[in-house]
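Q: Once you've had a glance at the structure underneath, I'll fire off some questions.
The values are calculated or read from the model by the stated rules, or taken from the named source; none is laboratory data. None of these values were measured; they are calculated from a predicted model. Methodologically, a virtual Cβ is constructed for each residue, glycine included, from the backbone with ideal geometry; neighbour enumeration extends over all protein chains shown.
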């Protein structure tokens, strides 16, 4: 039984680490989504537009729930944040 308790404790610690990493990643994604939503591509160098497009494409692949969690993690809202228009 003590071995099982040790394994449970290890799993609990690993889960806590993963949840902390998820929160950090949500903050990064939320900040990136808010930044991209506020960009004016007409005033950016081509390389920056391409990088923003890559980031936006990746963010758009997230589920609505994950994107919502990411924006909430940084207390951000995207203008026109309606049903499916919340995408970066």
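Q: Could you tell me whether residue 47 is surrounded by 13 or more Cβ atoms within 10 Å (Cβ to Cβ), free of Cβ contacts under 8 Å to residues at least 60 places away in the same chain and in a helix (DSSP H, G or I)? Full working, then the answer.
A: Working: surrounded by 13 or more Cβ atoms within 10 Å (Cβ to Cβ): no; free of Cβ contacts under 8 Å to residues at least 60 places away in the same chain: yes; in a helix (DSSP H, G or I): yes.
Criteria not met by residue 47.
Q: May I ask you to verify whether residue 75 is surrounded by fewer than 10 Cβ atoms within 10 Å (Cβ to Cβ), within 13 Å of the chain's Cα centre (by Cα) and at pLDDT below 95? Write out each step before concluding.
A: Numbers: surrounded by fewer than 10 Cβ atoms within 10 Å (Cβ to Cβ): yes; within 13 Å of the chain's Cα centre (by Cα): yes; at pLDDT below 95: yes.
Taking the combined requirement at face value, the residue satisfies it.
Q: Can you find a residue in the stretch 21-33 that is at negative phi, assigned to a loop (DSSP other than H, G, I, E, B) and out of contact with any strand residue (DSSP E or B) (no Cβ under 8 Å at 6 or more places or on another chain)?
A: In the first step, residues of the stretch 21-33 are kept if they are at negative phi; the result is 21-33.
With the extra rule that they be assigned to a loop (DSSP other than H, G, I, E, B), the set shrinks to none.
Within the stretch 21-33, none of the residues are at negative phi, assigned to a loop (DSSP other than H, G, I, E, B) and out of contact with any strand residue (DSSP E or B) (no Cβ under 8 Å at 6 or more places or on another chain).
Q: Another question about this same structure. Starting from residues that are in contact with a helix residue (DSSP H, G or I) (Cβ under 8 Å, 6 or more places away or on another chain) and outside any helix (DSSP H, G or I), keep the ones in the stretch 34-44 and report whichever is nearest to residue 70 (Cα to Cα).
A: 39
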